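Q: Once you've had a glance at the structure underneath, I'll fire off some questions.
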2 protein chains.
Amino acid sequence: MSQTPRVVEVRKNVLKQNDILARALRDRFREAGVFVVNVVSSPGAGKTTLLEHTLTDLQSRYRTASVVGDLATENDARRLARSGALVEQITTGTVCHLDATMIERVIDGWDLTDLDFLFIENVGNLVCPASYDLGENLRFVLMSVTEGEDKPLKYPTIFNSADVAVITKADIADAVEFDWETACNNIQAVRPGMQTLRVSAKTGAGMPDYVGVVESHRSQMRDTTLAPSPARA
Amino acid sequence: MSQTPRVVEVRKNVLKQNDILARALRDRFREAGVFVVNVVSSPGAGKTTLLEHTLTDLQSRYRTASVVGDLATENDARRLARSGALVEQITTGTVCHLDATMIERVIDGWDLTDLDFLFIENVGNLVCPASYDLGENLRFVLMSVTEGEDKPLKYPTIFNSADVAVITKADIADAVEFDWETACNNIQAVRPGMQTLRVSAKTGAGMPDYVGVVESHRSQMRDTTLAPSPARA
């Protein structure tokens with residue numbers, strides 16, 4: 001007898017529970033005035049490197065923190081902590097994504113009103129994280145030029161669930177014969193109108209635009225929904 | 001109330017069911033004399049490109065087939081079919097891995113004694129496929145030089161469950177400043193003694209050695225456990 005129907009039912013309940021908790025988290029973040037970004041991608045697409053640069057840049061003007069998800073090791077948290085931001089690692093063991101419960105646990109005891117930005121680096125995976133709302137305001141999906149132009153077509157759910165696509169490692173696009181037009185067309189085919197950025201954390205190309213987009217999304221959110229936050233200390 | 005204990009219990013049952021079916025598949029493959037390779041990696045590590053070259057090379061000397069798993073699209077099956085091998089696509093929807101039931105279904109009606117090799121290209125994911133035995137004789141885990149040297153440490157389960165590590169895209173190793181020694185040390189730290197190959201499907205570097213390894217694993221298996229297969233037609 002197939003186990004499939006029971007698994008599907010349990011999975012739906014888990015997702016429903018996650019959605020309820022994620023909504024509560026989003027309310028807490030809004031009330032505290034912290035803007036939350038969930039960064040998803042496959043392993044090795046450059047999430048940690050991009051976040052290192054993001055935190056280092058924003059740290060001079062904002063109060064930032066980061067939560068990092070990995071199956072094992074605390075390497076990424078150590079890398080990100082060099083920026084001076086508050087960083088916490090979540091090790092998930094064999095779980096292929098972060099969920100709202102993990103986020104709730106890790107921020108337990110934090111004074112969220114002390115923060116302007118919280119960046120969540122999800123587990124490297126283009127499938128599972130798509131289904132788990134973490135209460136974020138903005139979801140970035142990263143794809144590196146080395147992964148090929150077809151990833152949006154092959155992993156449509158994660159592109160559909162994200163707000164902004166960031167194409168990383170632009171510096172080696174020529175070396176891997178990356179076809180920008182095809183890649184962008186594939187993103188638009190899956191999610192028409194999706195904002196798409198090109199960056200190289202290594203050369204810095206596209207980074208000011210990318211940081212500007214992060215800040216502008218926070219400003220838009222603050223203008224419409226966020227409560228006023230205390231002035232930066 | 002947390003749903004976690006119930007999910008874990010259901011997951012264990014599913015994995016147990018999968019293991020039972022995978023064992024039966026392995027028996028069928030052995031009796032038919034077909035050698036089965038399960039190829040796992042993150043999205044964009046080069047599974048399809050490596051398999052295109054593998055099938056094209058082996059096709060002149062063996063009867064080969066391939067099963068390709070993706071969430072969406074039949075692009076990879078079309079690419080692999082150019083080799084002349086029998087190719088079937090499995091589209092998994094939102095499921096992050098292939099399982100033994102999917103393999104059993106897709107080979108329904110095949111005369112396995114017509115085959116020497118069956119290559120299974122798993123869904124691009126360094127987490128979920130680790131737990132699902134597909135009845136294969138050999139599991140290859142691919143990592144591309146662009147993903148960074150730390151992937152074995154961060155995704156230990158998939159490296160532990162695989163037999164051979166294949167480091168791909170060697171042609172751009174210098175461009176991405178890939179540190180071979182650190183990467184190989186990390187593989188050995190997670191899985192001491194693991195056979196590790198370096199290839200570039202683009203330049204052909206390492207490809208003869210890699211194909212030789214595939215053939216030699218089949219020969220070893222045939223010498224010890226496989227039933228004699230009919231002579232190639």
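The values are calculated or read from the model by the stated rules, or taken from the named source; none is laboratory data. The structure presented is a predicted model; accordingly, all values stated were derived computationally and were not measured. Note: ideal-geometry Cβ built from the backbone for every residue, glycine included; neighbour counts use all protein chains shown. Note: accessible area is taken over every heavy atom of the protein model, side chains too, but ligands, DNA and RNA are not part of it. Shrake-Rupley method; radii C 1.70, N 1.55, O 1.52, S 1.80 Å.
Q: Are there any trypsin sites (Lys or Arg not before Pro) in region B:71-106 that are in a DSSP loop and have at most 12 other Cβ atoms within 10 Å? List them by number.
A: Listed in order of number, the matching sites are B:Arg82.
Q: Using R₀ = 51 Å, calculate the FRET efficiency as 1/(1 + (r/R₀)^6) where r is the Cβ-Cβ separation of B:Asp111 and A:Thr224; round to 0.05.
A: 0.20
Q: Moving on. State whether region A:53-202 is rounded, prolate or oblate according to the following rule on the C-alpha gyration tensor (a ≥ b ≥ c being the square roots of its eigenvalues): a/c under 1.5 gives rounded; otherwise a/b larger than b/c gives prolate, and the remaining case gives oblate.
A: prolate
Q: Say R0 is 51 Å: what FRET efficiency, to the nearest 0.05, do A:Arg28 and B:Val211 get from their beta-carbon distance?
A: After rounding to 0.05, the efficiency reads 0.35.
Q: I've got another one for you. Amide H to amide H, which residues 5 or more places from A:Arg63 or on other chains are under 5 Å from it, using H placed in the peptide plane?
A: Sorted by chain and number, the residues that satisfy this are A:Asp116, A:Phe117.
Q: To the nearest 10 square angstrom, how much accessible area does A:Lys169 have with a 1.4 angstrom probe?
A: Answer for A:Lys169: close to 40 Å² accessible.
Q: Further question: To the nearest Å, what is the center-to-center distance of region B:134-197 and region B:23-72, using C-alpha atoms only?
A: So the two Cα centres are separated by 19 Å.
Q: Would you pull out the residues with amide H under 5 Å of B:Arg198's amide H, same chain only if 5 or more places away, H placed 1.01 Å from N?
A: It is B:Ile167, by chain and number.
Q: Sticking with this structure for a sec: Using unit Cβ charges (K, R positive; D, E negative) and no other charged atoms, how large, in debye to the nearest 20, is the dipole of the protein assembly as shown about its Cα centre?
A: Its charge dipole is roughly 780 debye.
Q: Sticking with this structure for a sec: Which Cα, out of A:Phe119, A:Ala45, A:Gly84, lies furthest along the positive dipole direction of chain A (beta carbon charges, K/R +1, D/E -1)?
A: A:Phe119
Q: Just need the relative contact order of region A:44-135 here, percent rounded to a whole number, with Cα pairs under 8 Å and 6+ apart.
A: Across region A:44-135, relative contact order equals 35 percent.
Q: Assigning unit charges at the beta carbon (Lys, Arg +1; Asp, Glu -1) and nothing else, what dipole magnitude in debye, to the nearest 20, does region A:1-142 show about its Cα centre?
A: Computed charge dipole of region A:1-142: roughly 320 debye.
Q: Is any residue of region A:191-206 close enough, with backbone N under 19 Å, to a label point placed 7 angstrom from the Cα of A:Gln59 along the Cα-Cβ axis, and if so, which?
A: Zone members listed by number: A:201-204.
Q: Could I ask something else about it? Count, for each residue of B:169-176, the Cβ atoms from other chains sitting within 10 Å of its Cβ, then give me the mean as a whole number.
A: Other-chain Cβ atoms within 10 Å of each residue's Cβ, averaged: 3.
Q: Explain nothing, just the number: dipole magnitude of region A:68-224 about its Cα centre with +1 on each Lys and Arg Cβ and -1 on each Asp and Glu Cβ, in debye rounded to the nearest 20.
A: 140
Q: Another question, then. Using the beta-carbon distance between A:Ala189 and B:Thr94 and R0 = 22 Å, what value does 1/(1 + (r/R0)^6) give for FRET efficiency, to the nearest 0.05?
A: Step by step, r from the Cβ atoms, then E = 0.75.
Q: What percent does the relative contact order of region B:68-115 come to when contacts are Cα pairs within less than 8 Å and at least six residues apart?
A: Relative CO of region B:68-115 lands at 38 percent.
Q: Can you tell me how region A:1-86 classifies by the Cα gyration tensor, rounded, prolate or oblate, using a/c under 1.5 as the rounded cut?
A: Oblate shape, in that a/c is at least 1.5 and b/c is the bigger or equal ratio.
Q: Right, another one. Once you have a ≥ b ≥ c as the square roots of the Cα gyration tensor eigenvalues for region A:36-105, tell me rounded if a/c is under 1.5, and otherwise prolate or oblate according to whether a/b is larger than b/c.
A: Prolate, because a/c is 1.5 or more and a/b exceeds b/c.
Q: Which whole-Hz ³J(HN,Hα) couplings does region A:140-157 yield from phi under the Karplus relation 6.51 cos²θ - 1.76 cosθ + 1.60, θ = phi - 60°, glycine and proline marked x?
A: 9, 9, 9, 9, 8, 4, 6, 7, x, 6, 8, 4, x, 6, 8, 10, x, 4
Q: Report, in listed order, any pair from A:Lys47/A:Lys202; A:Lys16/B:Lys154; A:Lys154/B:Lys154; A:Lys12/B:Lys47; A:Lys12/A:Lys47; A:Lys151/B:Lys12 with a Cα-Cα distance greater than 21 Å.
A: A:Lys16/B:Lys154; A:Lys154/B:Lys154; A:Lys12/B:Lys47; A:Lys12/A:Lys47; A:Lys151/B:Lys12
Q: For a protection proxy built on the mean count of beta-carbon atoms within 10 angstrom, sort B:55-63, A:110-118, B:107-115, B:147-155 highest first, please.
A: B:147-155, A:110-118, B:55-63, B:107-115
Q: Further question on the same structure: Relative contact order for region A:1-154: what is it in percent, counting Cα pairs under 8 Å that are at least 6 residues apart?
A: After rounding, I find 37 percent.
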